[in-house]
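**Student:** Mind having a look at this structure? Questions to follow.
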Amino acid sequence: MRYHAGVFMILLLLMGCGKSQDHLEQQMHHTEEQIKFSTVKNETTIDQYESNQAKEIVATFHETTEVFAANTKDWLMLAFNVTHMNRFQLKNIEKNVKKRLTEEFPHMKIEVSTDEKMRLELKKLEEDLHTNNLPQQTVEKRIKQIISLSREET
Amino acid sequence: MSMKSKPPFPPTSTSYKQTEQAHETPRPILLNCIKAFLIGGTICVIGQCISLFYISFFDFTEETAGNPTIATLIFITMLVTGFGMYDKLGQFSGAGTAVPVTGFGNAVISSAIEHRTEGFILGVGANMFKLAGPVIVYGVFSAFLIALIKTVLQLLGVI
Amino acid sequence: MIFVWAFIVGGIICVIGQLLFDVAKLTPAHTLTLLVVIGAILDGVGLYEPLIDFAGAGATVPITSFGNSLVHGAMAEAEEHGLIGVVTGIFEVTSSGISAAIIFGVIGALIFKPRGS
Amino acid sequence: MFTGTQSWAFSTSPVLLSGSAVGGPMEAQGPLASSFDLLFDDLWMEQTSYENAQQRLMEEASALAIQKAHIFDEQVDFFISGDLINQMTPTNFAASTLQIPFLGTFNACATSMESVALAAAIIEASGANYILTGSSSHFSSAERQYRFPNEYGSQKPGTSQTTVTGAGCAMISKEGSGPIIKRATIGKIIDLGITDPFNMGAAMAPAAADTIITHLHDFQLPITYYDAVVTGDLGKVGRDICIQLLNDVKVSIAPNQFLDAGLMVYGPDQQVFAGGSGSACSAVVSFGHMLEQLQAKKVNRVLFVATGVLHSPLSIQQQKTMPAIAHAVAIENGSDE
């Protein structure tokens, strides 16, 4: 009996959370235009055209708040964040984004992440691409590293 | 000599239950819950900070940072337990310090420290999981059942 | 934001524990065991991972996450090796909590003695 | 000697020759600190385990009681004592040190008065000249056996009680000067279905009330005959219940006449929840503070009612109820003095 009560309490709690989340989501719609991302121009080494395109596409998803990306010739690594109330749907959004990008860039291998670590690393890489002329090999190596990190399981 | 008759005693256990409950010190449930909320929440925020530290300065992702975070929290628990503060904190915050993984650590570490006087094999070794054992046993068994049901359902194509 | 939600969700899970102590009058061992089983069930129905995404350490630090990661380990292994994996994979993800507790338990017993009162 | 249904009246006037009380750090901060003969400021008492520390408490208390009786160790005929820990090994080892013929007694926190009653009965039957009785308990050794490891962060409810760290001994003799043991009532087990080990007061209260009622009936005495009734370790919760139970059967007792060892030993500012407990609780209060009061003639007739809960960690796990017992011993100053 006590056990049932415990389970019941938790279910109630989850239901309660779900409701308030819907409510907050509606409020969030108004702030969707504040997505920040930078366009990386780097003609000398690897062209970041695909990354910039991808960022614009991801920015059209109303849940996203920030997006970072980098690419080599055949790999595209993208990391984004969503508004906090949408984090319950994180895995779904991630799936949708990946699907969308795969449609958009059929010739590329695409890796999408929402992980804090990937965002940090890609942000750093973007900045480096922006300011320094990184040799092509270094860029490829760093993207590979980020991808392998994102695939690492616990 | 006229003996006074002995009064009927003791009362029945059902009638005594009422007497007893009327005198029982009521548990301050609301206050306890507030304390548990604040301390438990704080421990989780500390966990979040540690996890962010591992993500920022080491090659850990949000997912993989969980392991070192828990290990660090348990290390801190060892120090707090060893210096005799965890039991005082536990009296104040109740579930606030019992439910986070630090409470699991405290259960193991306090048992280990306590039974040192019985030696390291029969004392520390044998009693370490005296309190935390059921958590592992039923955690594993329920995980087994749930994973089994889920896998079978997947194999049958239900989900 | 994540810090606020970690605080709130972690706090709420602790309040549930407190209610199990005070209202249901369960012992600490019963309460923690029940919470672990609840964590495992929530992961079984796919609710615990979103909660972790949402609350971060607020969901991974309470003991409920132990049940979640046990199921996770079993499921990950089951996807690779089928039913056998359910048995062999359980500790795949969670070993850190248990091993840390054992290691620091022995170290604690080496350097500390109980202080009483 | 046998009186009423379950009592003894002692006609040869066994004397409570001397008493001793030894305590730990918590007791040193309590209001009765001055009535202790020896106080330790560390729970370990220079020993390697809490059980050894408890043994030391018992040894110190025994030595002090013998010393204060102004007799030699060899003159003590029997040692009647017990405690709560694992087949009462701390007492057994203390008895081994003392080398006095030993009768082990176990009635949990009621051990002190059980021992005194038995000692008085043996002396009444000319079975001995000097009998050393006493009991000991230790907060940490009791905590780890009955509850959780000392460093485990559990939250105790307000009904729980704090085990007294200490030992109290009394020397009972055939003759000598001192308060006289007049009567004793051996209690029955009363079990009214309490199962919460953190609410021992509620389990013991009916046992105390039953023994008091039986005692008054067996000797046909009004409760007002006694200057004070000192119950074992009912604590705040148990004392309140006990007063009500007595009132329910028209035994009205003035609150200032109804003392409780569990409430006397600690001050209101100490975090001890409902009060003290443990087999040392009634022993240190009875053979320390109350004996001083009797010797100083501040009170002349005292009924000591030591109460104990006879559960074990195993019986609690098997969801058994907690049987409780209480033994009453009446100690009075002789009227001729």
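The values are calculated or read from the model by the stated rules, or taken from the named source; none is laboratory data. Because the structure is predicted, anything quoted here is derived from the model rather than measured. Note that we place each Cβ from the backbone using ideal geometry, even for glycine, and neighbour counts take in every protein chain shown. All accessible areas refer to the heavy atoms of the entire protein, side chains included, with ligands and DNA or RNA removed. Shrake-Rupley method; radii C 1.70, N 1.55, O 1.52, S 1.80 Å.
**Student:** Counting only residues that are open to solvent by 20 Å² or more (accessible area, probe 1.4 Å) and assigned to a loop (DSSP other than H, G, I, E, B), which one in region D:1-16 is nearest to D:Ser286 (Cα to Cα)?
**Tutor:** D:Ser13
**Student:** Kindly indicate whether B:Gly90 is touching a His at 6+ places or on another chain (Cβ under 9 Å), over 29 Å from C:Gly89 (Cα atoms) and free of Cβ contacts under 8 Å to residues at least 60 places away in the same chain.
**Tutor:** No: the conditions fail for B:Gly90.
**Student:** Hand me the list of helices (runs of 4 or more DSSP H) wholly inside region D:197-298 holding 3 or more residues that are surrounded by fewer than 24 Cβ atoms within 10 Å (Cβ to Cβ) and more than 10 Å from chain B (Cβ to nearest Cβ).
**Tutor:** Correct list: D:291-295.
**Student:** Which residue out of C:Pro50, C:Pro28 is modelled with pLDDT under 95 and surrounded by fewer than 20 Cβ atoms within 10 Å (Cβ to Cβ)?
**Tutor:** Testing whether each residue is modelled with pLDDT under 95 and surrounded by fewer than 20 Cβ atoms within 10 Å (Cβ to Cβ) leaves just C:Pro50.
**Student:** Residue check: is D:Phe79 of a type in the set (A, V, I, L, M, F, W, C) and over 17 Å from the mean Cα position of the chain (by Cα)?
**Tutor:** For D:Phe79, the condition - of a type in the set (A, V, I, L, M, F, W, C) and over 17 Å from the mean Cα position of the chain (by Cα) - is not met.
**Student:** Determine if region D:156-179 includes at least one residue that is more than 25 Å from B:Thr25 (Cβ to Cβ), among the basic types (Lys, Arg), open to solvent by 10 Å² or more (accessible area, probe 1.4 Å) and touching a residue at least 40 places away in the same chain (Cβ under 8 Å).
**Tutor:** There is at least one residue in region D:156-179 that is more than 25 Å from B:Thr25 (Cβ to Cβ), among the basic types (Lys, Arg), open to solvent by 10 Å² or more (accessible area, probe 1.4 Å) and touching a residue at least 40 places away in the same chain (Cβ under 8 Å).
**Student:** Taking the criterion of being in a loop (DSSP other than H, G, I, E, B), at the interface with chain B (Cβ under 7 Å from one of its Cβ atoms) and open to solvent by 10 Å² or more (accessible area, probe 1.4 Å), would at least one residue in region C:36-47 satisfy it?
**Tutor:** The answer is no; no qualifying residue exists.
**Student:** Here is a follow-up. Which one of these does C:Ser96 not meet: (1) over 17 Å from B:Thr64 (Cα atoms); (2) facing another protein chain (nearest Cβ under 7 Å); (3) surrounded by fewer than 22 Cβ atoms within 10 Å (Cβ to Cβ)?
**Tutor:** It is condition (1) that C:Ser96 fails.
**Student:** Name the helices (runs of 4 or more DSSP H) wholly within region B:65-125 that hold at least 3 residues that are buried (at least 17 other Cβ atoms within 10 Å of the Cβ) and more than 8 Å from chain D (Cβ to nearest Cβ)?
**Tutor:** Fully inside region B:65-125 and qualifying: B:66-82, B:101-114.
**Student:** Continuing with this model, one more query. Could you tell me whether region D:160-171 includes any residue that is over 16 Å from the mean Cα position of the chain (by Cα), within 26 Å of D:Leu57 (Cβ to Cβ) and among the hydrophobic types (A, V, I, L, M, F, W, C)?
**Tutor:** No, because not a single residue in region D:160-171 is over 16 Å from the mean Cα position of the chain (by Cα), within 26 Å of D:Leu57 (Cβ to Cβ) and among the hydrophobic types (A, V, I, L, M, F, W, C).
**Student:** Can you tell me which residues in region A:103-133 are β-branched (Val, Ile, Thr) and either in a helix (DSSP H, G or I) or away from chain B (no Cβ under 13 Å) (or both)?
**Tutor:** Passing the criteria: A:Ile110, A:Val112, A:Thr131.
**Student:** Now a separate question. Out of region B:18-44, which residues are at pLDDT below 90 and more than 7 Å from every other protein chain (Cβ to nearest Cβ)? Show your work before the answer.
**Tutor:** Here is the first cut: in region B:18-44, the residues at pLDDT below 90 are B:18-27.
Residues satisfying the conditions are B:Gln18, B:Gln21, B:Ala22, B:Pro26.
**Student:** So, in region A:40-51, how many residues would count as being at pLDDT 70 or above and either crowded, with 17+ Cβ neighbours inside 10 Å or part of a loop (DSSP other than H, G, I, E, B) (or both)? Working first, answer last.
**Tutor:** Of all residues in region A:40-51, those at pLDDT 70 or above come to A:47-51.
Now restrict to residues that are either crowded, with 17+ Cβ neighbours inside 10 Å or part of a loop (DSSP other than H, G, I, E, B) (or both): A:47-48, A:50-51.
Residues flagged as at pLDDT 70 or above and either crowded, with 17+ Cβ neighbours inside 10 Å or part of a loop (DSSP other than H, G, I, E, B) (or both) within region A:40-51 amount to 4.
**Student:** Restricting attention to region D:91-131, which residues are part of a helix (DSSP H, G or I), of a type outside the set (Gly, Ala, Ser) and under 21 Å from D:Ser177 (Cα atoms)?
**Tutor:** D:Met113, D:Val116, D:Leu118, D:Ile122, D:Ile123, D:Glu124
**Student:** Regarding region B:41-64, can at least one residue be identified that is on the phi < 0 side of the Ramachandran plot, assigned to a helix (DSSP H, G or I) and in contact with an Asp or Glu (Cβ under 6 Å, 6 or more places away or on another chain)? Steps first, please.
**Tutor:** Kept after step one, since they are on the phi < 0 side of the Ramachandran plot, are these residues of region B:41-64: B:41-64.
Going one step further and asking which of them are assigned to a helix (DSSP H, G or I), we end up with B:41-57.
From what's left, in contact with an Asp or Glu (Cβ under 6 Å, 6 or more places away or on another chain): B:55.
The answer is yes, given that some residue of region B:41-64 is on the phi < 0 side of the Ramachandran plot, assigned to a helix (DSSP H, G or I) and in contact with an Asp or Glu (Cβ under 6 Å, 6 or more places away or on another chain).
**Student:** Just checking, does region B:140-159 include any residue being buried (at least 22 other Cβ atoms within 10 Å of the Cβ) and closer than 30 Å to D:Pro157 by Cα?
**Tutor:** No, region B:140-159 has no match at all.
**Student:** Just for region D:17-50: of the residues that are open to solvent by 40 Å² or more (accessible area, probe 1.4 Å) and in a helix (DSSP H, G or I), which one is nearest to the other protein chains (Cβ to nearest Cβ)?
**Tutor:** Ranking the qualifying residues of region D:17-50, first place goes to D:Met26.
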